[in-house]
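All remarks here apply to the structure that follows.
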Amino acid sequence: MASERLRPLRRVEYDWMVGQGFFSQERVELLDGFIVEMSPQGTRHAGAVRRLTHLLIKALGDRAYVRIQLPFAASDVSEPEPDVAVVPPGDEDAAHPSSAFLVIEVADSSLKRDQLVKTRIYAGSAVPEYWVVDVANDTIEIRTTPREGAYGAVRLARPGDTIRLQAFPDVEIAVSDVLR
């Protein structure tokens, strides 16, 4: 038997399948060409997403769109649905955004995937700032300076700390306003 090769699913193929209703009863996303089930959301996860939504919309106004658990066109083979994405205003009816000022994943059972797989995807897509909100350990990892599929700078913020958005330095988020 000839050597078999796996071919990743392309984003355009995935989008067609979504449009045809293939995954209408499932919560999935496309990561590195594979359809991956999304983790269920616990109450701490949902609460952190709600608080982030409120804080960011209030602070950013019309300067950026705050998208919650919506597709992000990261590459030809990845279309994750980050918990929060702060993207430039644009026509979202024409296509999913492919650039973002900030992407945030709130993690509980998905922590390793968010720290490893999604970090590589977002860095490879040149997202300048990526946060992993770890609800189990009450921390937020702030990743910046993307290059070659990795972030060059990573810092940890805890309750009592504040985070200033890189793209909007006038916006400051208190970690204790996100994690309770």
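Looking at the chain, which longest stretch skips every one of the GluC sites (Glu not before Pro) that is in a DSSP loop with at most 11 other Cβ atoms within 10 Å, leaving the sites themselves out?
Details: sites that count: Glu4, Glu26, Glu148.
After excluding every exposed loop site, the longest remaining stretch is 27-147.
Can you give the net charge of the other residues whose Cβ lies under 12 Å from the Cβ of Arg143, counting K and R as +1 and D and E as -1? Intermediate values should be presented prior to the final figure.
Working: positive: Lys118, Arg120, Arg147, Arg155; negative: Glu105, Asp114, Glu129, Glu141.
Within the 12 Å Cβ shell, the charges total 0.
Check Ile35: other-chain or 5+ apart residues with amide H under 5 Å from its amide H, H built from backbone geometry?
none
Neighbour counts of other C-beta atoms within 10 Å: give me Tyr122, Tyr151 arranged from fewest to most.
Details: Tyr122 28, Tyr151 20.
In order of increasing Cβ crowding within 10 Å: Tyr151, Tyr122.
Taking a ≥ b ≥ c as the square roots of the eigenvalues of the Cα gyration tensor of segment 117-180, is the shape rounded (a/c under 1.5), prolate (a/b larger than b/c) or oblate? Let's see the in-between values first.
Working: a/c = 2.63, a/b = 1.52, b/c = 1.73.
Oblate, because a/c is 1.5 or more while a/b does not exceed b/c.
Among Ser98, Ser125, rank each residue by its count of other Cβ atoms within 10 Å, from fewest to most, as a rough exposure measure.
Working: Ser98 15, Ser125 20.
Ordered from fewest to most neighbouring Cβ atoms within 10 Å, Ser98, Ser125 come out as Ser98, Ser125.
Restrict the search to segment 1-72; then list the trypsin sites (Lys or Arg not before Pro) that DSSP places in a loop and that have at most 10 other Cβ atoms within 10 Å of their Cβ. Show your work: numbers first, answer last.
On the way: sites: Arg5, Arg10, Arg11, Arg27, Arg44, Arg50, Arg51, Lys58, Arg63, Arg67; in loops: Arg5, Arg10, Arg27.
Sparse-neighbourhood loop trypsin sites (Lys or Arg not before Pro): Arg5.
Looking only at segment 45-147, where both bridge partners belong to it, what percent of the DSSP beta bridges are antiparallel (to the nearest 5)? Let's see the in-between values first.
Values: 14 of 19 bridges.
Approximately 75 percent, going by the DSSP bridge assignments.
Please state the relative contact order of segment 40-178 as a whole percent: Cα pairs under 8 Å, 6+ residues apart? Present the calculation step by step, with values, prior to reporting the outcome.
Working: 270 pairs, mean separation 23.6, N = 139.
Relative contact order of segment 40-178: 17 percent.
Given (i) 61, 36, 25; (ii) 60, 35, 33; (iii) 62, 30, 30 as candidate values of Cα extents along the principal axes in Å, which corresponds to the one derived from the coordinates?
The listed entry that was calculated here is (ii).
Taking the Cα centre of the chain as origin, sum charge times position over the Cβ atoms of Lys and Arg (+1) and Asp and Glu (-1), and report the length of that vector in debye to the nearest 20. Before the final figure, lay out each step's value.
Working: 21 positive and 27 negative charges, 82 e Å.
Here the size comes out at about 400 debye.
Each value in this text was obtained by applying a stated rule to the coordinates, not by laboratory testing. Please read all numbers here as calculations on a predicted model, not as lab measurements. Here the Cβ is made from the backbone with ideal geometry for all residues, glycine too, and neighbour counts use every protein chain on show.
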